[in-house]
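Asks: Here it is, the structure, as structure tokens.
The values are calculated or read from the model by the stated rules, or taken from the named source; none is laboratory data. Nothing here was measured: the structure is a model prediction, and the numbers come from that model. Cβ sites come from the backbone with ideal geometry, for glycine too, and all protein chains shown count toward neighbours. Surface accessibility is based on the protein's heavy atoms, side chains included, excluding ligands, DNA and RNA. Shrake-Rupley method; radii C 1.70, N 1.55, O 1.52, S 1.80 Å.
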Amino acid sequence: MIFPFLTLCTLERKIHKLYYKYLLFDLDHTLFDFELAEEKALTLLLKEANVSEISSYIAYYKPMNKAMWESLSKKEITKEVLVKTRFANLFAYFNRIEDGLFWARRYEYYLGQQGDVYPFVPSLLERLSKENFQLYAVTNGITTIQENRLNHSPISHYFKQVFISDKIGHHKPDIAFFNYVEGAIEEFKAHEALVIGDNLLADIKGGIEAGIDTVWYNPDNKVNTLEIKPTFEIKNMKELLSVVLNIE
């Protein structure tokens, strides 16, 4: 039985028996439960800042922060602007003047303590490792945060290498990010690789432009309104096993 959310490309891949070796996983919203981690970190930060209306602050911060990361992916702002201004803007909205960089550092600390992953993730990576796939993490983020979160998670040992945009100096979907990844992985072949992620712009567009097949992880069944076409679309990670193991 073919999973209903797999695209027609899946059928073609099965017929031709093309196999993948290098699995390039996005972290946030794909393996990491970022919503939970963000909520916990923001709550701790706002308590330190003596904020009483924590839910109101978080409700304003989340869409603002998401929009800033999307602007960063489009090169409309720099990482430095994002880091220095997002918390200054948050407090300013509630008529408080605060040092945005100070609170950015405090947030980095709190978020770095959160290694929450989705329940299916450890068993998935264990299965893929036993099947001799090479697993890599490819993530947009701040180096200290992502490294600390991995260290606090149960999955860091599964990855042969972790590629973080802040450390590389380029962000997904920039082709320079993926060129760096390709150059860093020994004997890497693009046709034997998959980029797996939830973000059409950062993960899927980036993979396509690098000549790498892509898996759009779409658990919420979002409608794709962009002219970005993933090789595969999956709703749950069991379907990823169907793609990479040629399971029908």
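Asks: Quick check on the chain: of the DSSP beta bridges with both residues there, what percent are antiparallel, nearest 5%?
Replies: So the antiparallel bridges in the chain amount to around 5 percent.
Asks: OK, next. Against the longest principal axis of the chain, how steep is helix 100-112, in degrees 0 to 90 to the nearest 10, with axes from Cα atoms?
Replies: That helix lies at roughly 50 degrees to the long axis.
Asks: If you don't mind, another one. Tell me, what is the per residue accessible area of the stretch 31-171 in Å², probe radius 1.4 Å?
Replies: About 49 Å² of surface per residue is accessible.
Asks: Counting just the Cα atoms, what span does the stretch 140-223 cover along each of its three principal axes? Round to the nearest Å and put the largest first.
Replies: Cα spread of the stretch 140-223 along its principal axes, largest to smallest: 34, 32, 23 Å.
Asks: What number comes out for the charge environment of residue 185, summing +1 per Lys or Arg and -1 per Asp or Glu over other residues with Cβ under 14 Å away?
Replies: Counting the neighbours of residue 185, the net charge comes to -1.
Asks: Please report Rg over Rh for the chain, where both radii come from the alpha carbon positions and Rh follows the Kirkwood definition.
Replies: Taking Rg over the Kirkwood Rh, I get 0.99.
Asks: In the chain, carbon and sulfur make up what percent of the accessible area (probe 1.4 Å)?
Replies: That share works out to 52 percent.
Asks: Shape verdict for the stretch 197-240, please, from the Cα gyration tensor: rounded (a/c under 1.5), prolate (a/b greater than b/c) or oblate.
Replies: oblate
Asks: Distance from the Cα centre of the stretch 211-248 to that of the stretch 81-112, in angstrom?
Replies: 35 Å
Asks: Counting heavy atoms of the protein chains only and a 1.4 Å probe, report the per residue accessible area for the stretch 184-248 as a whole number of Å².
Replies: Result: 45 Å² per residue.
Asks: Tell me the relative contact order for the chain as a rounded percent, counting alpha carbon contacts under 8 Å between residues six or more apart.
Replies: Rounded, it is 25 percent for the chain.
Asks: Compute the long axis of helix 121-130 from its Cα atoms, compare it with the longest principal axis of the Cα atoms of the chain, and write down the angle in degrees, 0 to 90, nearest 10.
Replies: Helix 121-130 sits at roughly 40 degrees to that axis.
Asks: Starting from the Cα of residue 160, draw a straight line to each of the lysines and keep only those under 17 Å, dropping any in the same chain fewer than 8 residues away.
Replies: Leaving aside lysines fewer than 8 places away in the same chain, those within reach of residue 160 are 21, 130, 189.
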